[in-house]
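A.B. asks: Pasting a structure here, questions to come.
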Amino acid sequence: MIFAALRLLCPQHRTIAVRVSGRGAVLYRDYRWPPRPVQANPPAVRRARFTMLRMILRLPATLVLLIALGAANSADGQSPLTLSDAIARARSNNLDVRASASAERQATARVSQARGALLPKVDLAESWQRGDQPVFVFSSLLAQRQFTAANFAIDALNHPAAIDNFRTMLTIDQGIYRPATTATLRSARIAEEISAKVTTAVSQTLAVDVTDAYGRALAANASRQAADTALEAATADRERAANRRDAGRATDADALQLDVFLARIRAQQIRAAADERIARAILNELMGEPLDAAFALDAAPPITAGASRDLAALDTEALANRADVQIAVLREQQAAAMRDSARAAFLPEVSAQAGWEFNGGQFDSRASSWIVGAVARVNLFQGFVDRARVTEASEQIRHRTLERQKAENAVRLELRTALARLEEAAAREQIGRASAAQARESQRIIRDRYEAGLVDVVALLRAAEAVQDADAQQIAAHVDTVVAQATVDRALGRR
């Protein structure tokens with residue numbers, strides 16, 4: 001509100017400064033180029049401005065400061081976002097992470113299913129039947145314990161009267177030795193571990209992707225700010241050229257060349273703003289946030305210390321921590337479990353059984369009976385199917401072993417590549433920082449020489465372009481350093 005009022009009072013100036021004193025607030029105007037055009041205002045507007053200024057100056061100094069700070073925060077409207085926060089948001093909200101977590105829960109449910117095969121199977125059945133089928137009548141009467149000598153009559157056996165049989169049956173089947181079930185449970189548990197490692201791998205890859213997107217958004221933001229600064233500098237150079245032209249020390253060609261340069265800077269400014277919007281949308285998508293969400297990015301993401309150059313120790317750390325290597329090891333173990341399951345077909349299976357029955361001609365009048373026993377099954381021959389399954393599982397173990405070795409070699413290669421990229425990016429960032437400082441100092445000297453008429457406008461333009469190129473190289477090197485450090489951490493399994 002206070003800044004809106006000050007803008008209404010002084011529309012021709014770009015910024016307004018407020019100095020707080022003990023009695024009130026004193027207004028200062030910032031004469032930064034270019035000023036906004038001043039338009040004539042009707043008397044009513046002038047009176048409104050005078051009244052608003054008098055009200056503002058009567059406010060206590062503390063209140064003016066609080067209103068100004070609140071207005072600044074409201075105008076910004078962006079929540080601060082560090083690189084660590086962005087990675088944490090992505091690991092919580094990203095769709096790939098949520099999908100892998102769902103797959104992990106599915107694997108846990110499959111372990112419960114496989115474990116259930118080791119527990120007793122209990123069934124309870126309630127049935128009712130009526131008929132005069134001779135075998136049904138004969139067996140039902142026996143089960144009801146209602147069989148008499150009269151039921152042995154030939155006519156009664158061949159043409160019995162229809163009867164009802166209400167039956168309640170409880171059966172229990174408990175495996176005692178089932179090697180196939182044990183191997184299946186082992187395989188399911190390994191699959192659960194694989195799903196957990198897949199979630200870890202997705203999280204590690206996502207950290208690198210978020211770091212890259214964060215860096216691109218940061219670079220686009222820095223490029224836009226550099227374009228803004230270059231535009232202000234070019235505008236000042238254009239004013240110098242115009243002053244020299246008006247003084248008769250230069251021609252219109254100098255001003256025209258600077259106009260062309262200004263147009264190019266404006267085009268770069270527009271392109272940088274579009275790139276920033278795109279980069280921020282990509283970052284928001286990775287974090288699972290609305291695509292149009294606005295965050296204030298940390299201008300200097302933290303860079304951890306460079307990794308040790310002891311490659312043997314780094315290889316050991318990477319192989320121990322990398323999720324993809326652990327997945328390859330678990331898949332090799334899973335193939336061994338599948339071979340054990342195939343071999344179990346040649347082993348006997350032993351289980352115990354028990355049953356209770358309640359039979360009666362009426363629902364509320366029944367006779368009980370029970371039976372217990374054990375069953376042993378041996379597979380004698382199934383057309384060499386089981387042997388072929390064992391051969392297939394053995395070959396799968398060899399295949400998984402080769403995949404594990406390939407994954408380990410890929411991790412070693414990725415680690416060395418990431419270390420080389422980090423070293424290169426860090427060196428380029430150091431050179432870019434020095435180059436940017438030198439380019440700005442060179443631009444300052446050439447501006448002074450141009451003011452003195454010692455160099456032409458071409459040298460002035462070359463100095464401005466050199467500053468732009470140095471800034472762009474420094475920004476790119478900084479982003480590459482951030483991404484390279486994240487890649488090293490991912491190669492070592494630290495993220």
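Coordinate-derived values only; no laboratory data. All values reported here derive from a predicted model rather than from experimental measurement. We place every Cβ from the backbone using ideal geometry, glycine too, and count neighbours over all the protein chains shown.
A.B. asks: Could you list Leu256, Leu461 in order of exposure, starting from the residue whose Cβ has the fewest other Cβ atoms within 10 Å?
C.D. replies: If I rank by nearby Cβ atoms, fewest first, I get Leu256, Leu461.
A.B. asks: Can you sort Ser351, Ser79, Ser203, Ser140 from fewest to most other Cβ atoms within 10 Å of each residue's own Cβ?
C.D. replies: Ser79, Ser351, Ser203, Ser140
A.B. asks: Taking the Cβ of Gly131 as the center, what net charge do the other residues with Cβ under 15 Å away carry, scoring Lys and Arg +1 and Asp and Glu -1?
C.D. replies: Taking every Cβ under 15 Å from that of Gly131, the sum is 0.
A.B. asks: Could you tell me the distance between the Cα centroids of the range 345-366 and the range 120-159, to the nearest Å?
C.D. replies: 17 Å
A.B. asks: For the range 189-229 and the range 376-435, compute the distance between their C-alpha centroids and round to whole Å.
C.D. replies: 23 Å
A.B. asks: May I pose another question? Nothing charged except the Cβ atoms of Lys and Arg (+1) and of Asp and Glu (-1): what's the magnitude of the dipole of the range 147-232 about its Cα centre? Round to the nearest 20 debye.
C.D. replies: Once rounded to the nearest 20, the dipole reads 280 debye.
A.B. asks: While we're looking at this one, here's another question. Quick check on the range 156-213: what are the equivalent-ellipsoid semi-axes from the Cα gyration tensor, as sqrt(5λ), descending, whole Å?
C.D. replies: Values for the range 156-213, descending: 61, 18, 8 Å.
A.B. asks: So, one more: Treating only the Cα positions of the range 443-488 as identical point scatterers, give the base-10 log of I(q)/I(0) from the Debye formula at each q in 0.21, 0.33 Å⁻¹.
C.D. replies: -0.67, -1.03
A.B. asks: Now, a different point. Can you sort Val378, Val479, Val208 by how many other beta carbons sit within 10 Å, fewest first?
C.D. replies: Least crowded to most crowded, the residues run Val378, Val208, Val479.
A.B. asks: Say each of Trp356 and Ala153 gets a label point 7 Å from the Cα, pointing the same way as Cα to Cβ; how far apart are those two points in nm?
C.D. replies: 3.8 nm
A.B. asks: Kirkwood Rh and Cα-based Rg: tell me the resulting Rg over Rh for the range 223-374, rounded to two decimals.
C.D. replies: Radius of gyration relative to Kirkwood radius: 1.54.
A.B. asks: Under the classification rounded if a/c is under 1.5, otherwise prolate if a/b is larger than b/c and oblate if not, where does the range 346-434 fall, given a ≥ b ≥ c as square roots of the Cα gyration tensor eigenvalues?
C.D. replies: oblate
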